[in-house]
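All of the numbers you see were taken from the coordinates with simple rules; none came from a lab. What you see is a predicted model, and the numbers here were worked out from it, not measured in a lab. So basically every Cβ, Gly included, is an ideal-geometry build from the backbone, and we count neighbours across all protein chains shown.
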Amino acid sequence: MRRIFSQTSRQPPQVALPIFVWGTKGFQFWSFLSLLLDRSKCSRILELGSGRSTITLAEYAAFRNARFISIETDVAWFNKARWELLCLGMSDAPVRLVKWQSESTWYDIEQFRATVHDAETFEFAFIDGPNDKSGKSRGIRDNELALREILRCTSGADILVVDDVHRRHILDSIDRMLIDPKWYDKFFYDYSVKSAYPNTICICIKKSSPVRPEVGRIQEMLGMRLSDRFDEETCPEE
């Protein structure tokens, strides 16, 4: 991060920043996501867990004048996401810090609802959090409160992206984030954070959405391999 700031007119932020970084999905996936967003013309976007995706979603939101909210629980990652957007000449307003509610092992529910404006529904959602300090998510992203609140926000979604579905508890939770799983086609994309750490992301697209026919065209353009199924028996993590 300090090298980034040395190349700009901004000074390094005197705030906490992450002491480690997660691997990311690479050029091909971010190109796919950018094109998918462009074709979808979504105007309301929700992200749970700020990270590399925040940049792509914020760029699209600025381009389309779309409403975008990115929720983060960790102060260091919150700071990182904000400063990355500022360095790219964008507003950091979409990135919101929401307290962790240890009793429910999810976000503080009052803060979360206030941030998403209670009954608001989103056309696009990217679910990549929250996780605990070690990155684990079992009992957090699959608990009853989390799934109920996510469904309330995504009931009108054309696109739902769920990361870390190589973890069986997250894979098994996908259908509970959809108003009706039969209305959606699912696509799975495998990537590796490190050579020894395989990961999978699931992209759910409503069959009736105008963007659905575009998926194959985008995939072919990028030479990208997507699968329409994922065998839970092969999940490397519970």
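For the chain, list log₁₀ I(q)/I(0) at each q in 0.07, 0.09, 0.15 Å⁻¹, using the Debye formula over Cα point scatterers of equal strength and ignoring solvent, two decimals each.
-0.21, -0.36, -1.08
With contacts defined as alpha carbon pairs under 8 Å and 6 or more residues apart, what's the relative contact order of the chain in percent? Walk me through the intermediate numbers first.
Numbers: 383 pairs, mean separation 41.8, N = 238.
About 18 percent, as a whole number.
In whole angstrom, how long is each semi-axis of the equivalent ellipsoid of region 91-232, when you take the square root of 5 times every eigenvalue of its Cα gyration tensor and sort them from largest down? Kindly include the intermediate steps, with their values, before the conclusion.
Numbers: eigenvalues 129, 75, 42 Å².
Equivalent-ellipsoid dimensions as semi-axes: 25, 19, 15 Å.
Treat every Asp and Glu Cβ in region 2-226 as -1 and every Lys and Arg Cβ as +1, leave all other atoms uncharged, and give the resulting dipole magnitude about the Cα centre to the nearest 20 debye.
Details: 32 positive and 28 negative charges, 100 e Å.
The dipole of region 2-226 has a size of about 480 debye.
Rank Ala81, Ala157, Ala66 by mean-square fluctuation in a GNM of the chain with C-alpha springs under 10 angstrom and give only the top-ranked residue.
Highest fluctuation among the options: Ala66.
Most mobile of Tyr60, Tyr189, Tyr197 per a Gaussian network model of the chain (Cα springs, under 10 Å)?
Comparing Tyr60, Tyr189, Tyr197 in the GNM, the peak value goes to Tyr197.
Pick from Leu36, Leu88, Leu46: which residue has the top mean-square fluctuation in a GNM of the chain where Cα pairs under 10 Å get a spring?
Top of the fluctuation ranking is Leu88.
List the residues whose amide H sits under 5 Å from the amide H of Ser70, counting only those 5 or more places along or on another chain, with H placed 1.01 Å from N in the peptide plane.
Residues meeting the amide H criterion: Glu47, Val95, Arg96.
Count charges around Pro181 for me, please; just the other residues with Cβ under 14 Å from its Cβ, Lys/Arg as +1, Asp/Glu as -1.
Numbers: positive: Arg176, Lys182, Lys186, Lys206, Lys207, Arg229; negative: Asp172, Asp175, Asp180, Asp185, Asp228.
Around Pro181, the charge tally is +1.
Where both partners of a DSSP beta bridge lie in region 2-226, what percent of those bridges are antiparallel, to the nearest 5?
Working: 16 of 32 bridges.
Close to 50 percent.
Straight-line reach from Lys136: which aspartates and glutamates have a Cα under 12 Å away, not including same-chain ones fewer than 8 places off?
Qualifying aspartates and glutamates at Cα under 12 Å: Asp128, Asp164, Glu237, Glu238.
Ranked from highest to lowest mean number of other Cβ atoms within 10 Å per residue, what is the order of the peptides 89-97, 70-78?
Values: 89-97: 16.7, 70-78: 21.0.
Per-residue Cβ counts within 10 Å, averaged per peptide and sorted highest first, yield 70-78, 89-97.
Under 23 Å from the Cα of Lys133, which lysines turn up, not counting those fewer than eight places away in the same chain?
Straight-line reach from Lys133, under 23 Å: Lys25, Lys80, Lys99, Lys194.
Under 19 Å from the Cα of Lys207, which lysines turn up, not counting those fewer than eight places away in the same chain?
The reachable lysines, counting only those whose Cα sits under 19 Å from Lys207, are Lys41, Lys182, Lys186.
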